[in-house]
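**Q** One structure follows; several queries about it will come next.
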Protein chains: 2
Amino acid sequence: MDPDFSRLDAHLDDNDLDGYLIHADESDADQRYLSGFTAPDPFTTLYDGDVHVLTSSLEYGRAKREARAATVDRLADFDSRAKIEEYGGVEGQHRTLAAFLAEYGAESVAAPGDFPLGVADGLREQGVSVDADHDGVIGHIRAVKHDEEIAHMEAAQKANERSMAAAEAMLREADVADDGTLVHEGETLTSERVKEEIEVSLLRDGYALDTTIVACGADAADPHDRGSGPLRANESIIIDIFPRSKETGYYADMTRTFVKGEPNDTVREWYDVTQEAKEAALDALEAGVSGSEVHDAVCDVYADAGWPTLRDDPNTETGFIHTTGHGVGLDIHEYPRVSTTDNTLEDGMVVTIEPGLYDPEFGGVRIEDIVVVREGGYDNYTDYEESLVL
Amino acid sequence: MDPDFSRLDAHLDDNDLDGYLIHADESDADQRYLSGFTAPDPFTTLYDGDVHVLTSSLEYGRAKREARAATVDRLADFDSRAKIEEYGGVEGQHRTLAAFLAEYGAESVAAPGDFPLGVADGLREQGVSVDADHDGVIGHIRAVKHDEEIAHMEAAQKANERSMAAAEAMLREADVADDGTLVHEGETLTSERVKEEIEVSLLRDGYALDTTIVACGADAADPHDRGSGPLRANESIIIDIFPRSKETGYYADMTRTFVKGEPNDTVREWYDVTQEAKEAALDALEAGVSGSEVHDAVCDVYADAGWPTLRDDPNTETGFIHTTGHGVGLDIHEYPRVSTTDNTLEDGMVVTIEPGLYDPEFGGVRIEDIVVVREGGYDNYTDYEESLVL
C-alpha cells in the first residue's frame, strides 16, 4: 500500500516544522501506518517528506527488510552506548534521539497527542522543539481507507460473522433448564463458554481479540460489561465482537442481540426501535455529512419513542447512553466520531453504526454493523441477519 | 491485593508534588495497577495519597463497582459538555481534566514517562505543572510482586507449559518428507499450524497472546522473527510464548529450542554453551545483585567459548545479540533489566533468564525460564525440560 502523506506535508508546511516524530511500538496505529513496520518494543519514526526509522540492534535487520522507509538506522549508529554511559539511561536515550533528528536536520517537530511526555521533554532539553499535534493528522489520513485496506477489513468482518454464527448456533442448540439457565452439551452454557468458541473460531482464522462481550440480562445493561456466568432464557444476550487481524492489524466490529425464548415487551420494543434507529442512521449516512447528523437521526428516533438519550440528558444512566459509532481501522476506536461531535464523513471512511438501549431493570439491546462511507450513501459489508428471538 | 504506595508518597514528597497523574486505558500496566480498573478507552487516575478515578459516562457505573479508588467521578461532573462546546473538543477536554485536578487541590503533578504529550501540554496551558517521572516510580513499585501476583504468574506459566507441550507433541509426532519439511496429520507442518495450536490451548485456558514465535532455521537467527512457513528437520526451531491472563492481566514467558532429526555441530555446541550460560546466570542471581552482574555471567560464558556478544561488540549482528532478561508482570517487558544496565534486583522481582546465540548461517538457539528473585537465590517456577533433539 502506498499511503498518501500530502496532508502530513501540508501540516508540516503550515506549521513551519521540519518533521513529524513518532516513538511507539506496533500497537500504535499511527506508527504502524507511517513506518510500515511492526515491533513489540517502542521504536522511532521521523517523517520529513521521507520516512526515517530508528530501531534497536535487535530489530535492525528485520526493519531494513520490512519497514516502508527511505532510511533505517540503529541506536548504535548514534553512539547510544557511550551516551548512556556518560549521561545515564534516560538522558542518554534522549541525546541519541536528538542526534538521530540532527542527522536529518529536524530541529522542530510535531508529534502525536499520545507521544510520550518524558521523551518530548527530554528532546526539548536537547534543544529540539516538539509540538503536540492535537488534530491527529495521521489519524485523519488513516481514516480514509485505500481499497486494499477495505479488503482487509471486509475479510476481518467475514471472519467475525463466522464466529458470531458459531455463537448463535450454541444458543440455538441449547436447552433451557428448570431454573431458566441454558444448557449445551450437558453443561451450563455460560458467557465464558460462548466467548471461548467465538475466540477459538477467530484464532483459527488468524484473528486476535482481547475482550469479547457476551452479556446477558442486567449485564447487558452496561454497554462495556463483558458478561459472565450462566446465560438465561427470556433475557437479552448482547454479543459484541471486535477482532483484529494478526497479519494486517485491521479490526472488524459487530454486535447482535439474541433472546432464547420469550423476550419481555420492553426488550421487544427496544429491538424494534433500535432497528428503526439504525435504519435512520444509514439513511442519513453519506460522504459530506457530519457524524453528528447521523447521530441526531438515531437520537431523534429514540427520543420520539420516549427513550432518554445522552444527547438530550447528559446525566441519564439509562436509554441510549453511548455514541452512534466510531471509525475503525488499525485502531478499534479511531477518527471520525459518529456522536455529538461535528466532523465531516468522507468517502472511504469506515464507521460503526451501533444504536442501543439499556436499563438494568430490563437488560440491553444493541445492533451494530460496520460500513464504508460513500458518495451518496454507504457500503454495508456486514452481512448478518438481525433476528432477536432464536 | 493491597498495593504499597509508600514509594509513590515519598516521590511526591521529595519533589514537592500534589499528586501523580495517569491518563491511559487498561493496556497500561501502571494505570491498571494504580486504579485497579480496566477499560478499553483512556481514563484518568490521580493519586494524592488516595486514588481518584475519572471516567466517561459509559464506564462510570462499572468504575464505581470495580475501581480500587477513594472517589470515582465522571466527565459530566465537571461540565465537560459545556467546556467542549465553548472551547472545542481538545481544549474542552483539557479544561475538564484541570477542573478534576482542582477538585482535589492538585496544582503540580508528576506523570509517567509515557503520559500523552498533548494532554500534558494542555494541562500546562491551564496552569497545572506536569513533570515527567523518568524513573517510572510505579514501575519500580510493580516490580516487586505480592504473593497474590506471583500466584497469578505461576498459573500463567503453567498454562504456558501446557501450550509448549502441545507444540512439542506436534513436532514429535511429525514425519519428515523427502524434501526435509515436516508433515503432521497428512499436511505440511508449518510455523502457523504450531502457533495456532499453542494459541488455542492458551485461549481455552483463558490466556490471550498477540504474537507467538515458532521460528525455524534462518528465521530463528532473528530473535524477534515470529517465523512462517514449513518447519524443517535438522534445523533449530525456537518456540517463544508470552501469553497474558485475560482475567488478571499478568504475563508468562518461556522459550525452548528443538531440532527434529540431527542438529548440525554448531547448533549442538550453541545449545550446550547456552545451557551453561543460563546456569551461570542463575548461579549469579540473588536479591541485592545488579542485573548487569547476571548479564555479565552470561556474556562471560559466551565470550570464553569464542562467541560474540553485544556487550563486547555493540555492532555485532551474530552471537548473543540481546539482553539476558527483563522484568515481567502486568507488562511483558518491565523493570528491572538484566542487561548492561546497572539496577539492583530485589526479593520478589520476577525476571526472565533467556540467553541465546544467533547466526543466519546456522539458525538460532534460545532457552528461557522465568524466575522470582529471592534472598540468597531465586525460585524458578518454570518446570519444563530442556532437550534439543526430539
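**Q** So how much accessible area does B:Lys278 have, in Å² to the nearest 10, using a 1.4 Å probe?
**A** 10
**Q** Then there's this: Send over the Kirkwood Rh of region A:6-142, from the inverse of the averaged 1/r over different Cα pairs, rounded to one decimal Å. Walk me through the numbers before you get to the answer.
**A** Values: mean 1/r = 0.0676 Å⁻¹.
Taking every pair of different Cα atoms in region A:6-142, averaging 1/r and inverting gives 14.8 Å.
**Q** Could you state how much accessible area B:Glu286 has, in square angstrom rounded to the nearest 10, with a 1.4 Å probe and all protein chains kept in place?
**A** The accessible area comes out at roughly 70 Å².
**Q** Helix A:191-204 versus the longest principal axis of chain A: what is the Cα-based angle in degrees, 0 to 90, to the nearest 10?
**A** 50
**Q** Roughly how many Å is it from the Cα centre of region B:140-217 to that of region B:324-360, as a whole number?
**A** Answer, in whole Å: 21.
**Q** Okay, moving on. If I stretch the segment between B:Asp300 and B:Asp13 completely, what's the gain in nm (0.36 nm per residue apart, minus their alpha carbon distance), one decimal? Present the calculation step by step, with values, prior to reporting the outcome.
**A** Working: separation 287, 0.36 × 287 = 103.32 nm, distance 4.22 nm.
In short, 99.1 nm is gained.
**Q** Quick one: if you stick a label point 7 Å off each Cα along the C-beta vector at B:Ala169 and A:Arg124, how many nm between them?
**A** 5.7
**Q** I would also like to ask the following. Using a Gaussian network model on chain A with a 10 Å cutoff between Cα atoms, which of A:Val144, A:Val350, A:Val90 fluctuates the most?
**A** For chain A, modelled as a Gaussian network with Cα springs under 10 Å, the answer is A:Val90.
**Q** Next up: For the Cα atoms of chain A, what angle does the longest principal axis make with the long axis of helix A:57-66, in degrees from 0 to 90, nearest 10?
**A** 70
**Q** If you don't mind, there's one more thing I want to ask. Along region B:216-228, what does the Karplus equation 6.51 cos²θ - 1.76 cosθ + 1.60 (θ = phi - 60°) give for ³J(HN,Hα), rounded to whole Hz, x for Gly and Pro?
**A** In residue order, the calculated couplings are 10, x, 5, 4, 5, 6, 10, x, 10, 5, 6, x, 6 Hz.
**Q** Give me the inter-chain shielding for B:201-213: mean count of other chain Cβ atoms within 10 Å, whole number please. Could the numbers behind the result be given before it?
**A** Details: counts 0, 1, 9, 5, 1, 3, 0, 6, 3, 7, 5, 1, 0.
What the average comes to for B:201-213 is 3.
**Q** How much of the DSSP beta bridge set in region A:6-142 is antiparallel, as a percent to the nearest 5?
**A** Values: 9 of 20 bridges.
Expressed as a percentage, antiparallel bridges in region A:6-142 total about 45.
**Q** Oh, and also: Between B:Glu317 and B:Arg374, what is 0.36 nm times their sequence separation minus the Cα-Cα distance? Round to one decimal in nm.
**A** Result for the pair: 17.1 nm of gain on full extension.
**Q** Let me ask another. What accessible area, summed over both chains, is buried at the B-A interface (1.4 Å probe, Å², nearest 100)?
**A** Adding both sides of the contact gives about 4400 Å².
**Q** Turning to a different aspect of this structure: How big is D for region B:250-291, in µm² s⁻¹ as a whole number, if Stokes-Einstein is applied with the Kirkwood radius of its Cα pairs at 37 °C and 0.692 mPa s? Present the calculation step by step, with values, prior to reporting the outcome.
**A** On the way: Rh = 12.8 Å.
In µm²/s, the coefficient is 257.
**Q** When the distances between all Cα atoms of region B:207-250 are binned every 10 Å from zero, what whole-number percent does each bin get?
**A** Percent of Cα pairs in each bin: 31, 40, 22, 8.
**Q** Another question, then. At 222 nm, what value in deg cm²/dmol follows for chain A if DSSP H runs of at least 4 each add -39500 (n - 2.57) and the sum is divided by all its residues, to the nearest 500?
**A** Numbers: 10 runs with 141 residues, N = 390.
Theoretical 222 nm ellipticity from helices: -11500 deg cm²/dmol.
**Q** What whole-number value in Å² describes the accessible area per residue of region A:144-380 for a 1.4 Å probe? Don't jump to the answer; show the numbers that get you there.
**A** Values: 8400 Å² over 237 residues.
I get 35 Å² per residue for region A:144-380.
**Q** With springs only between Cα atoms under 10 Å, which of B:Asp30, B:Asp135, B:Asp347 fluctuates most in a Gaussian network model of chain B?
**A** B:Asp135
**Q** Tell me which aspartates and glutamates have Cα within less than 15 Å of A:Lys145's Cα, excluding those fewer than 8 residues away on the same chain?
**A** Within reach: A:Asp2, A:Asp4, A:Asp30, A:Glu154, A:Asp331, A:Glu334, A:Glu346, A:Asp347, A:Glu375, A:Asp379.
**Q** Restricting things to Cα coordinates, could you compute the convex hull volume per residue of the protein assembly as shown in Å³? Write down the numbers at each step before the final one.
**A** Details: hull volume 123.1 nm³, N = 780.
In the protein assembly as shown, the Cα hull volume divided by residue count equals 158 Å³.
**Q** OK, next. Which stretch or stretches of region A:200-228 have amide N atoms under 14 Å from the point lying 7 Å from B:Asp210's Cα along the Cα→Cβ direction?
**A** The answer is A:208-211, whose backbone nitrogens lie closer than 14 Å to the label point.
**Q** How big, in percent, is the set of alpha carbon pairs in chain A lying more than 26 Å apart?
**A** 58
**Q** Further, regarding this structure: Arrange the residues A:Glu148, B:Glu154 by how much accessible surface each exposes, largest first, with a 1.4 angstrom probe. Don't skip to the answer; put the middle values down first.
**A** Working: A:Glu148 90, B:Glu154 65 Å².
So, going from the largest accessible area down, we get A:Glu148, B:Glu154.
**Q** Same structure again: Report the relative contact order of region B:290-376, percent, no decimals, based on alpha-carbon pairs under 8 angstrom and at least 6 residues apart.
**A** Values: 169 pairs, mean separation 24.3, N = 87.
This gives 28 percent for region B:290-376.
**Q** Oh, and also: Modelling each spin label as a point 7 Å along the Cα-to-Cβ direction, I'd like the A:Asp283/A:Thr341 distance in nm, to one decimal.
**A** 2.7
**Q** With each label point set 7 Å from Cα along the Cα-Cβ vector, what nm distance links A:Arg68 and B:Val183?
**A** Between A:Arg68 and B:Val183, the simple spin-label model gives 4.0 nm.
**Q** Just how far, in whole angstrom, is region B:1-58 from region A:60-111 if you go by their alpha carbon centroids?
**A** Rounded to whole Å, the Cα centres lie 31 Å apart.
**Q** Mean separation of Cα pairs under 8 Å and 6+ residues apart, divided by the residue count of chain B: what relative contact order is that in percent?
**A** Values: 837 pairs, mean separation 50.7, N = 390.
Answer for chain B is 13 percent.
**Q** Once phi is turned into θ = phi - 60°, what whole-Hz ³J(HN,Hα) does the Karplus curve with 6.51, -1.76 and 1.60 give for every residue of region B:298-311, x standing for Gly and Pro?
**A** Each residue's phi maps through the Karplus curve to give 5, 4, 5, 4, 5, 5, 4, 8, x, 9, x, 10, 4, 4 Hz.
**Q** Give me the angle, in degrees from 0 to 90, between the Cα long axis of helix B:80-103 and the longest principal axis of the Cα atoms of chain B, rounded to the nearest 10.
**A** 90
**Q** Kindly give the distances from B:Asp383 to its copy-mates, label point to label point, with each label point 7 Å from Cα along Cα→Cβ, as nm values to one decimal ordered shortest first.
**A** For B:Asp383, the inter-copy label distances come out at 5.1 nm.
**Q** For A:Glu66, go 7 angstrom from Cα along the Cα-to-Cβ vector, then report the distances to that same point in the other copies in nm, smallest first.
**A** Once sorted, the set of distances for A:Glu66 reads 3.1 nm.
**Q** Of the candidates B:Arg366, B:Arg268, B:Arg244, which one comes out as most mobile in a Gaussian network treatment of chain B with C-alpha springs shorter than 10 Å?
**A** Its mean-square fluctuation being the largest, the pick is B:Arg268.
**Q** Whenever you get a sec, line up A:Glu386, B:Glu262 from highest to lowest accessible area (probe 1.4 Å, protein heavy atoms).
**A** Working: A:Glu386 55, B:Glu262 115 Å².
If we order A:Glu386, B:Glu262 from most to least accessible, we get B:Glu262, A:Glu386.
**Q** Label-to-label distances across copies for A:Glu173, with labels 7 Å out along Cα→Cβ, in nm, shortest first?
**A** Computed spacing set for this position: 2.1 nm.
**Q** In addition: So what's region A:108-198 giving for Cα Rg divided by 2.2 N^0.38 Å, two decimals?
**A** That ratio works out to 1.99.
The values are calculated or read from the model by the stated rules, or taken from the named source; none is laboratory data. Everything quoted here is computed from the prediction, not taken from an experiment. Glycine also receives a Cβ, built like all others from the backbone with ideal geometry; neighbour counts cover every protein chain displayed. Accessible surface areas use protein heavy atoms only, side chains included; no ligands, DNA or RNA. Shrake-Rupley method; radii C 1.70, N 1.55, O 1.52, S 1.80 Å.
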